1. Could you tell me whether residue A:75 is farther than 30 Å from residue B:489 by Cβ, among the small types (Gly, Ala, Ser), part of a loop (DSSP other than H, G, I, E, B) and more than 14 Å from chain B (Cβ to nearest Cβ)?
2. Given the criteria modelled with pLDDT of 90 or more and either surrounded by fewer than 16 Cβ atoms within 10 Å (Cβ to Cβ) or over 27 Å from residue A:270 (Cα atoms) (or both), does residue A:249 qualify?
3. Between B:131, B:72, which is in the same structural domain as residue B:19 (by the TED database), over 26 Å from residue B:24 (Cα atoms) and surrounded by 14 or more Cβ atoms within 10 Å (Cβ to Cβ)?
4. Could you give me the residue pairs with C-beta distances under 9 Å whose first residue belongs to region A:472-498 and is closer than 15 Å to residue A:437 by Cβ, whose second residue is aliphatic (A, V, I, L, M) and assigned to a helix (DSSP H, G or I) wherever it lies, and which are 6+ apart or on separate chains?
5. Check whether at least one residue in region A:278-294 is charged (D, E, K, R) and in contact with a helix residue (DSSP H, G or I) (Cβ under 9 Å, 6 or more places away or on another chain), and report yes or no.
6. Pick out the one residue from A:428, A:399 that is among the aliphatic types (A, V, I, L, M), under 37 Å from the mean Cα position of the chain (by Cα) and crowded, with 20+ Cβ neighbours inside 10 Å.
7. Would region B:634-650 turn up any residue that is basic (Lys, Arg) and within 14 Å of another protein chain (Cβ to nearest Cβ)?
8. Among the strands (runs of 3 or more DSSP E) contained in region A:280-321, which hold 1 or more residues that are under 22 Å from residue A:63 (Cα atoms)?
Amino acid sequence: MASFKPTKIQVYPKLGEKVTQDTLYWKNYKAPVQIKEFGAVTSIDFSPVTPHNFAVTAFTRIHIYGPFSQEPVKSFTRFKDTAYCGRFRSDGQLLVAGCEDSVVRLFDVSGKVALRLFKGHTKAVHLTDFTSDRYQILTGSDDYTCRLWDIPNATELTTYREHTDYIRCGVTSKLNRDLFITGSYDHTVKLFDARVEKSVITMDHGQPVESVLLYPSEGLLVSAGGRHVKVWDLLKGGQPLVSLKNHHKTVTSLALSSNGQRLLSASLDRHVKVYSTTNYKVVHNFDYAASILSLALAPDDESIVVGMTNSILSIKHRKNQEDSKEIAGQQRRRPSYRVFVKGKNYVPKQDDYLVSKPVKEHLAKYDKQLRRFNVSKALDTALETWIRFRKPEITMAVIKELDRRGTLKNALAGRDERGLSQLLNFLIGNFVDARFTPVLVTAAEMILDIYQSIIGQSPLVDRQLLRLQDLVEKELDYQKELLEVLGMLDTMFASSLPRKEVPCSGIGKSNGLTQGEPTTLDWV
Amino acid sequence: MVEHGDIRVVHCGGSKLNFRDPVITHDSRFLLCASGEAVKVFSTSTEECIHELRGHTGLVTGVLLRPSNHLQVYSSSLDGTVRLWDFTDGILIKTCVIGYPIYSFYASAKHENVIFIVTSMPSEKRAERFQLVAVHLPQSGDQLVEARELSAVLSGVNPNPAAIAFGRGGEFIASVNDLQLEVYFFKKQKSYRFFLKEDNKKGGWNTFTCVACHPKDDCIATGHEDGKIRLWRNFNHKKEYTYSTLHWHHSAVSSLCFTPEGTNLLSGGVESVLIQWRYKQESERDFLPRLGAAITHITVSPDGSLFCTSHSDNKITIIQSCVKVSAVIQGLVKGDSIRTDLMMDPRSKALVLNGKPGHLQFYSLQRDKLLYNLDIVQQEYIHESGLQQFEVVKAAFDASGLWLATVEERHQKAAELELNLKLWAFDEQTQSFVLNTTISAPHDAQITAMSFRQTADSQTTLLVSTSKDGHFKAWQLAAPAHTEDEGPSWLCDFVGAYHGLVPECCSFSADGSLLAVAFQEVVTVWSPATWELLTTLSQPPGAVSDLCFGRLSCSKYLLGTTASNLLCCWNLLTCSLEWSTSMDVRRLLVDPLSENMAAFCYQSGSTDLFVFKPSEPRPLFSRKAVCSGKVTQAVFAPREEMLESCEESSQWLNRSQLYFLTQQMDLMTFTTKAEEDRLLASSKQLVIDDSVAMTPFYLLLGKHRQQQQEHRDSDSSLWAERTALPQTSASIKELLQTPAHVLPSTSYLCSMFVQSLLISVSDAREEKAHAEEEMESEKEEEDSEEEMESSRSKPELVAAATESDAPALTKAQARELRRVRKLDHSWLAGLLDS
């Protein structure tokens, strides 16, 4: 007596992205916390010291959030106009921000009122930063100048007037107090040395530069502008290394993951892309609801903070390993390993008489019903909500099996409104899936044959049938278009391929009879 | 015309087992069944064939235990004789000539020395009618007797043996035919007939199919075409008979049987479910489902402990009455058509063809035994007629036997064709094939041919499949695309086409450097390395139907057969036709071990065979009318050991044997005289061996000799069959259980065993030590070798001592002793260790 062979569930090749180490890493974040700000979030900066608060610049305010708080820990509101680029000093004590009214303000993080005001720019200041010696401030403005200021006495030290358009981004070197980089809408990125009067290296990005980023080693510079992200080698005097074009709208913000292995770019096209810094291939992709203006990563990638044009700040925290474990532990105490192993590892002695116990085979519910030839029940089981939505291939396998047994019609027949609408729902959901179409066409034809008499009795079923019809028509049009495209491609390929000599070796024409008549044997 | 003095065409193996219902002996140890022209005796516990009772010259149509002597068995045959056998020894006791072909026969304990046979009625020639005749067997001591005392009992009976049954120990006989049940009472010499109405209303067919009678009660059970079982009672009155109906089967009941005590009724049919109905409580029934194939016969052993069912796939299942399958005797499964070609498994040297639906069967030709069935489709088979199910249509092995490719298809009207290409890898651990890759819908249309590249290096395995969709595809084993995947799988490497023509067949050259694909009239030759079309050859008119590359010295030739009855041979060096001959070749074969090729040609109703070398103008061997009908399946099977034949005409059979399937699905082969002589000699040898007296000592020694032999050829046999080696402890037990009075003197035995123990233990230790020391240094290794030598010399000394101890031994005893000494006694060491 052979045992019942369970229904074979076809394994379909997994479509879409492959599961890699990176996807696992970047998917390991909790659902985002969303905070409504007063306006578009233009800048986010993490404090370098624990507890790694971050400053969010939006409209006329700068809010400072703690790592886990959803309410601002502190807010700076003394701006006359839109604030820009709130940045922490490397000791986390001071915060500098530019403003639409061209005044640069310096705040104590614990205080409320600006400690210093730096006046001198004539237009909005979009770039502010501290130099690495902590005593100077770099600013860049829409008046095409960038300046260095002395913090203690709030005086201007130097002015650079090399850019010919708005300066919108820049960064100071963390290793050298005299080096800083600015990016401008005149398509250039310039490296300045405060010890000399002018820029040292000029790199042409090709588009208005929106963001620049220095690698921790400061040998490489990343600039973003237009749809491009470009990487420059500073040690080779600003030689372009890579140009990445993975976004389809302007890239607005850049960030590096904490170990420096991954580069993140955010764009107005609502995506954040993660690149590997070894081969500059996109390894992961995040989608957001609106165009992204600013992006920042907490140290150790503990959280990803994204600011968007719709004034929403989205914070994703990394999932904690311990958390998930604790939850599992609370849920159920599993029996110990000993319980499972008990008696299994007993090795029979030589004279022992072995009594073999029949192994009880486990069958899925639909298989049990198929074994008993309960075809309708098997189909019902396969159409249960969970299976229908999560594992349509199981439903498909059961339908296929019923078709093979020639009992699909029996199984489909005799359903009430609810059952029928369930069935039609499944059809509508999976009908155009190329993997399932061949089987579902048969099933759909049978359903129409069986239930044509009841059309018009139930509005629900009628609506679903109309939807199905709609779907089929759309699919037909779509297939037709695809065939047209295929035809076009074929002609293109045919004309582009070089015409090749058919290797007939001159024998084809004489049917292989070159050297006189072949011998004709007569064995019979 | 080449003379063919000593080559014969013979049937080989795989005869039908399910033709008639088998018989279980009284002690339930043996099962007898008719198989072709012989009766086979199987052991019910080991499933092995013990004897073959040969002697009939026609198909055996029935086997019955002799009611008066349960150690003897009658068999009837179409040759018009009934033979009486002693089945335990396989001896023919008596032959009784009746003179008419016997279609089925019956006997009962009540009718001493009378058997009832069904023969065709001699008068009517037009439509064959059959009658039941009682034959009185003459009592005489002669081997050959003639029975002339015939008396007709019933006429117009069904020749199917299930249609007649004896009731109540032979008081009456019940016979069914069409819509009529006839009961004949011997005492009253009177018969009653009961008719059923022809009832086609609900698709029901009332036609009787089988009958069974209750052994104690007046009750007749009949099975019907529509799946109903009727239980007839009170039938000894013409009018007041009654019947009750049982219905479970959805199609015809093919067999019915009461258990000896009459407590249960067994029934079976196409559903392949054995049903056990409780007599008088018919609502209670037990099922034994999924027996594999439609049940054709059911029998019960006389003590009721064993049931046995015959199945349509040439199988007998033995079931313990607690509804549990205990043994399966499986013959070569012969379906209505062999869709896959005959093939040889390069590893087990087994014949491979499709057997049970959805399975490939591996059949050992040497041992005439089914090795195993490989489930290809892996789907529950629904036993229902008219249902289209997946069928294995193509299969191919690669040269090393590591890979097996199978194609299964299901063709349903209205729906599109479902095709699956499966690739199986041989697993060393389980010694069977494991599914590696399933490719669903590899082609848009049916696959016409499939071929592996037959190269020795297994690294670059390549499979080519050609299909009616006008393409041929090359499949290659590719490393996994992602590191997470388990292992390599098969991917499509190349898709080729030629002017939209349909490729019919393909073939790789012996070295794998060329691929020939025949697109109707054109043969295209490709290079598998670059997938470049090298050349085209053609010989119109007529599409090319078979392609073969020559081998060894003839590897420059490509042979093809065309639909216009031409056999063409192209020379690939000159790309021209070398020769052609006009014949209707149905199957062209190449011998994998030589240059020879075989062509089966169909001519005027029969098939001719030509064996030739492509380079020589004359065929090596030709034989007209090998068999009637067409031969489309044949295979060259490599021999295990080369035959040394000096005659020229039979030299082609030296390396391999040619097997073919006739249209009647008979497996035939060619044998030479020398081979037959050798076989005969070996069988005689076997007889002599058996005749040695079965003393316990012989048992002990004989078993060990067998074991040694098995060890010696374990390489080949272990691959081929998964037979477990016999337990050594059993033989020890035998020694210990042997009564003391039959053992030789203790001193004689003791010294011998002690010696043997010493030797074996030291040997084992030496081996261990040897292995350890090997790692340390060469010098020590030398030492250990010296030690071993010394230990080897020890037994000689001791043996000499024993011989001097017992000088009274005869020469024969001394010889026996020497042989004992040579035997492997390591099993005793195993005993000591444990």
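The values are calculated or read from the model by the stated rules, or taken from the named source; none is laboratory data. It should be emphasised that the depicted structure is a prediction, and the values quoted were computed from it without experimental measurement. So basically every Cβ, Gly included, is an ideal-geometry build from the backbone, and we count neighbours across all protein chains shown.
1. no
2. Yes, satisfied.
3. Being in the same structural domain as residue B:19 (by the TED database), over 26 Å from residue B:24 (Cα atoms) and surrounded by 14 or more Cβ atoms within 10 Å (Cβ to Cβ) holds for just one of B:131, B:72, which is B:131.
4. A:472/A:444
5. no
6. Exactly one residue qualifies, and that residue is A:399.
7. No; the residues of region B:634-650 include none that is basic (Lys, Arg) and within 14 Å of another protein chain (Cβ to nearest Cβ).
8. Of the strands (runs of 3 or more DSSP E) lying wholly inside region A:280-321, those with at least 1 residues that are under 22 Å from residue A:63 (Cα atoms) span A:292-297, A:303-308, A:312-317.
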